[in-house]
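Colleague: One structure is given below, represented as structure tokens, and several questions about it will come after.
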Amino acid sequence: MNTIELKLLNENVKMPQYKTSGAAGFDLQAAIDTTRTVYPGTHELIPSGVAVSINDPGVAGFLLSRSGFGLKNVRLANCVGLIDSDYQGEIGIILFNDADEPFEVKPLERIAQLVFTPILRPKLMLVEEFTELSDRGVNGFGSTGK
């Protein structure tokens, strides 16, 4: 099992935990002192109060929206956040409000999920033509049918 170092940067934030034996990730909280409002069509950077040191180029962290936020039309502004193995700063969560109503983020509310996954870093080789052509080739979207 891999070990990733985690620092709590806010005294009110609790140590994240995998809630079930099958959980792929754990929730991050809003490390804020007062409620923040994300107005329709806008985004807000919310600190998590957490920093990680992955320190393994074969692993990366991915921030994902909490599934319940989808029902409220609130998502991560960049849809998926990437945490490189050498980043050690506080994890920030940018929430975007696609809804027609303001969305309130309360202190210590769970606002995103953090998942770690293996990363492949293959050697890149510049070519003029591909060695093998697939059946699909250069055909674009919809080329495999509906």
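FYI, it's all coordinate maths here, none of it is from the lab. Everything quoted here is computed from the prediction, not taken from an experiment. Reconstructed Cβ throughout: ideal geometry from the backbone, glycine too, with neighbour counts over all protein chains shown.
Colleague: Under 16 Å from the 7 Å Cα→Cβ point of Asn2, by amide nitrogen: which residues of region 100-129?
Modeller: Answer for region 100-129: 114-122.
Colleague: While we're looking at this one, here's another question. Going by amide H atoms built from the backbone, whose H comes under 5 Å of the H on Gly49, apart from near neighbours?
Modeller: Ala31, Ile91
Colleague: With 10 angstrom as the radius, rank Ser85, Ser21, Ser67, Ser53 by how many other C-beta atoms surround their C-beta, starting from the fewest.
Modeller: Listed from fewest to most nearby Cβ atoms, that is Ser21, Ser67, Ser53, Ser85.
Colleague: Given just the C-alpha atoms of region 77-138, how large is their convex hull per residue in cubic angstrom?
Modeller: 205
Colleague: What's the exposure ranking of Thr35, Thr20, going from fewest to most Cβ atoms within 10 Å?
Modeller: Final ranking by Cβ density, sparse to dense: Thr20, Thr35.
Colleague: May I have the count of lysine pairs in the chain with C-alpha atoms under 28 Å apart, counting pairs 8 or more residues apart or located on different chains? Working shown, then result.
Modeller: Working: Lys7/Lys19; Lys7/Lys106; Lys14/Lys72; Lys14/Lys106; Lys19/Lys72; Lys19/Lys106; Lys72/Lys106.
Summing the qualifying lysine pairs gives 7.
Colleague: So, with +1 on the Cβ of K and R and -1 on the Cβ of D and E, and no other charges, what is the size of the charge dipole of the chain about its Cα centre, to the nearest 20 debye?
Modeller: 400
Colleague: State the extension gain, in nm to one decimal, for the chain segment bounded by Ser53 and Leu71, taking 0.36 nm per residue of separation less the distance between their alpha-carbons.
Modeller: Contour length minus Cα-Cα distance gives 3.2 nm.
Colleague: Would you be so kind as to identify which of Pro122, Leu28, Ile93 lies farthest towards the positive end of the dipole of the chain, taking Lys and Arg as +1 and Asp and Glu as -1 on Cβ and the Cα centre as origin?
Modeller: Leu28
Colleague: Have a look at Gly61, Leu108, Tyr39 and report the one farthest towards the positive end of the charge dipole of region 1-143, computed about the Cα centre with Cβ charges (Lys/Arg +1, Asp/Glu -1).
Modeller: Positive-end residue among those listed: Leu108.
Colleague: Using modelled backbone amide H atoms (1.01 Å from N, in-plane), which distant-in-sequence or interchain residues come within less than 5 Å of Ala60's amide H?
Modeller: Thr117, Ile119
Colleague: Mind listing the phi-derived Karplus ³J(HN,Hα) values for region 103-119, rounded to whole Hz, using 6.51, -1.76 and 1.60 with θ = phi - 60°, and x for any glycine or proline?
Modeller: 10, 9, 9, 8, x, 6, 5, 6, 10, 7, 10, 10, 10, 9, 8, x, 10
Colleague: Work the Kirkwood hydrodynamic radius out for the chain: mean of 1/r over every pair of different alpha-carbon atoms, inverted, in Å. Before the final figure, lay out each step's value.
Modeller: Working: mean 1/r = 0.0567 Å⁻¹.
Averaging 1/r across every pair of different Cα atoms and inverting gives 17.6 Å.
Colleague: I'd like the Karplus ³J(HN,Hα) series for region 88-96: coefficients 6.51, -1.76, 1.60, θ = phi - 60°, whole numbers in Hz, and an x wherever there's a Gly or Pro.
Modeller: Ordered by residue, 3J(HN,Hα) equals 10, x, 4, 7, x, 10, 9, 8, 10 Hz.
Colleague: Let me ask you something else. Can you list residues from other chains, or at least 5 along the same chain, whose modelled amide H is less than 5 Å from the amide H of Thr42?
Modeller: Asn97
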